[in-house]
Amino acid sequence: MPVAEHHEANYKKGISISDGRRNRQDTAVQIRKAKRLESLKKRRNLRRVESGDSNDAAPSMTSTGANAKSTVFGDLRCSIENIARFAEAVKRTDNPTVHHEGIKYIRKLLSRAQDPPVDDILQAGVLPYLVEAIKGTDNLRTVFEASWALTNIASTEYTHVVVDSGACPYLVTLLRSNDADIREQAAWCLGNIAGDRTAYRDMLLGFPESIHNLLLNIKEPANLSLLKNVTWCLSNFCRGKPQPKLETIAAAIPALVYLLDHDDVEVLTDATWALSYISDGDDHRIEACVNSGAVPKLINLLGHSSSSVVTPALRVIGNLVSGNDQSTQFILNAGALSPLCALMKHKKKGIRKESCWAISNISAGTHDQIKTVLGNRDLMGHIITIATEGEWDVRKEATWAFCNIATGGTDEMIHQLFLLEGAWGCLAGLLNVADTKILTLALDAIDQGLRVGEQFGLDFAERFEEGNGQDISGLDALDNLQNHENETVYTKAVSLLEKYYGAEDENSDNTDMAPAVVGKTFSFGASAPPTAPAAPMSFNFGSNIPPAAPFNFGSTTAI
């Protein structure tokens with residue numbers, strides 16, 4: 001019998017391996033969180049814009065003083081009212097000085113922090129000239145300004161006009177520019193485009209050099225700012241649903257693992273999120289990440305001081321333990337359980353929730369994996385406490401962790417589980433919740449606990465009835481479920497009352513009941529029950545010919 005089938009046969013109730021192990025679903029993300037994450041997909045370049053902006057290009061791109069007048073516009077104010085003048089200058093391609101100044105002033109307007117006049121600038125007809133400018137290599141200062149302007153247009157709802165203008169192939173080529181600032185700006189613009197929609201992401205991945213050129217800049221970054229933007233861009237190439245095909249982004253995995261040793265929080269955050277997008281899916285994706293050598297580094301990052309790093313690292317670990325038993329065991333062998341236990345007490349609710357989710361996936365594994373979880377008494381104490389009194393989102397995940405053990409463990413494991421302090425009170429409290437799925441899980445767990453109690457001659461039925469020291473009586477809560485609208489809940493509750501407390505369904509037909517007397521006649525009308533609901537290498541950034549050898553970002557570790 002295959003391992004998976006043999007394991008599934010050991011489940012006492014209706015929770016299958018696939019039910020017990022649960023992947024994250026985008027549809028379950030809260031709207032507020034989704035909007036915040038959407039805003040992180042695209043960014044405007046405002047970092048060099050200062051008050052009185054007259055010298056806001058990168059140091060390598062300027063040769064004038066901070067307060068120098070424009071040689072073309074003099075003291076003309078950089079404002080919306082003067083867009084026509086700037087647009088006219090942009091179109092003077094016969095005069096490089098005027099052309100450059102026009103593009104620079106258009107870029108300044110697009111770099112306004114509040115309400116950049118994107119529509120007015122597009123209406124002025126400058127977009128084709130910006131695209132034409134990034135094709136050239138004679139004037140690097142103009143290329144830089146034009147690519148910056150395109151970046152800020154692509155960061156708005158007008159991303160499509162940049163794509164439709166045909167700028168993307170030239171931006172990919174600019175990733176190999178001899179100038180680091182231009183490479184950075186190209187990566188920034190491409191990141192905005194990839195983050196706009198998955199169709200654009202896939203279009204960019206269709207360019208053979210796109211991933212390769214990004215990896216060049218990770219292997220030999222000119223500066224930290226460039227590395228940050230290239231890593232962020234790469235993360236946008238990996239994100240989104242439907243996911244990009246694994247073969248289109250597989251070359252990025254070694255680079256992302258390499259970046260997990262970096263000491264910059266932004267680089268770590270974006271690299272780890274990228275791995276979380278790649279690892280979210282089937283066993284092929286999970287195995288690619290497990291085999292990459294990322295796991296020890298990710299477990300180390302679970303203890304990082306910044307929650308912005310911990311969150312995606314935790315998500316990757318959760319994704320990996322939602323895979324097959326071999327992947328889960330690899331994570332356990334690497335020492336993930338102790339840091340996961342510590343994160344159950346984290347100050348951020350989202351991290352507590354994610355850690356409980358990861359543990360619930362481990363507790364849906366093999367008997368040895370369940371035994372490992374059950375043997376960590378601190379962890380089990382946290383699970384029971386959270387499943388009893390945690391915030392609802394976190395409480396649900398802890399409930400899955402508990403119930404996976406109760407329905408997937410051996411009888412001896414179930415015996416140990418229900419001897420733990422608070423176990424019965426936890427389940428009694430769950431019988432009052434509105435979530436039907438959680439109710440069903442709790443009822444199945446109760447069934448297994450009471451069954452094993454009888455088998456071992458223990459007073460588990462009495463403990464449950466008393467609520468195990470809690471304020472709620474489990475028997476009363478169970479009795480109330482006879483009126484539940486859900487048929488599955490109703491049926492399970494009645495079955496438990498009949499099997500373990502000798503009760504009869506008060507709403508069931510009883511053919512042995514004497515007929516009721518109505519007046520001087522007999523009535524036999526019993527009421528019906530209610531309806532229940534590579535090797536290291538050097539690179540030439542001036543060449544568009546990709547190197548023949550692959551990148552080598554370090555050794556990998558296989559399962």
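The values are calculated or read from the model by the stated rules, or taken from the named source; none is laboratory data. As the structure is a computational prediction, the values presented were derived from the model and not from experiment. Note that we place each Cβ from the backbone using ideal geometry, even for glycine, and neighbour counts take in every protein chain shown.
For Asp181, are the conditions met, namely being of a type in the set (Asp, Glu) and within 34 Å of the chain's Cα centre (by Cα)? So Asp181 fits the description; yes. Remark: pairs (first residue in region 397-414, within 16 Å of Lys353 (Cβ to Cβ); second residue among the β-branched types (Val, Ile, Thr) and at pLDDT 95 or above; Cβ separation under 7 Å; 6+ apart in sequence or on different chains) = Ala398/Ile383; Ala398/Ile386; Thr399/Ile438; Ala401/Ile359; Ala401/Ile383; Phe402/Ile383; Phe402/Ile384.
Here are Ser165, Ser147, Ser210: which of them is under 24 Å from Pro117 (Cα atoms) and buried (at least 18 other Cβ atoms within 10 Å of the Cβ)? Of the residues listed, the single one that is under 24 Å from Pro117 (Cα atoms) and buried (at least 18 other Cβ atoms within 10 Å of the Cβ) is Ser147. Of the helices (runs of 4 or more DSSP H) lying entirely inside region 60-170, the ones with 1 or more residues being within 21 Å of Asp196 (Cα to Cα) and among the β-branched types (Val, Ile, Thr) are found at 118-123, 127-135, 140-154, 159-164. Would you say Lys135 is surrounded by fewer than 19 Cβ atoms within 10 Å (Cβ to Cβ) and assigned by TED's automatic domain parsing to the domain that holds Gly166? Judged against the criteria, Lys135 is a match. A count restricted to region 171-195 and to residues that are surrounded by fewer than 24 Cβ atoms within 10 Å (Cβ to Cβ), of a type in the set (Lys, Arg) and assigned to a helix (DSSP H, G or I) stands at 0.
Going residue by residue through region 358-374, is there one that turns out to be farther than 18 Å from Asn333 by Cβ and hydrophobic (A, V, I, L, M, F, W, C)? No: region 358-374 contains no residue that is farther than 18 Å from Asn333 by Cβ and hydrophobic (A, V, I, L, M, F, W, C). Inclusion of Tyr258 among residues that are over 18 Å from the mean Cα position of the chain (by Cα) and aromatic (Phe, Trp, Tyr) is warranted. In the condition set (1) in the same structural domain as Val131 (by TED's automatic domain parsing); (2) assigned to a helix (DSSP H, G or I); (3) surrounded by 16 or more Cβ atoms within 10 Å (Cβ to Cβ), Gln243 is compliant with all but (2).
In region 398-453, which residue that is under 15 Å from Ala387 (Cα atoms) and β-branched (Val, Ile, Thr) is surrounded by the fewest Cβ atoms within 10 Å (Cβ to Cβ)? Going through the qualifying residues, I end up with Val433.
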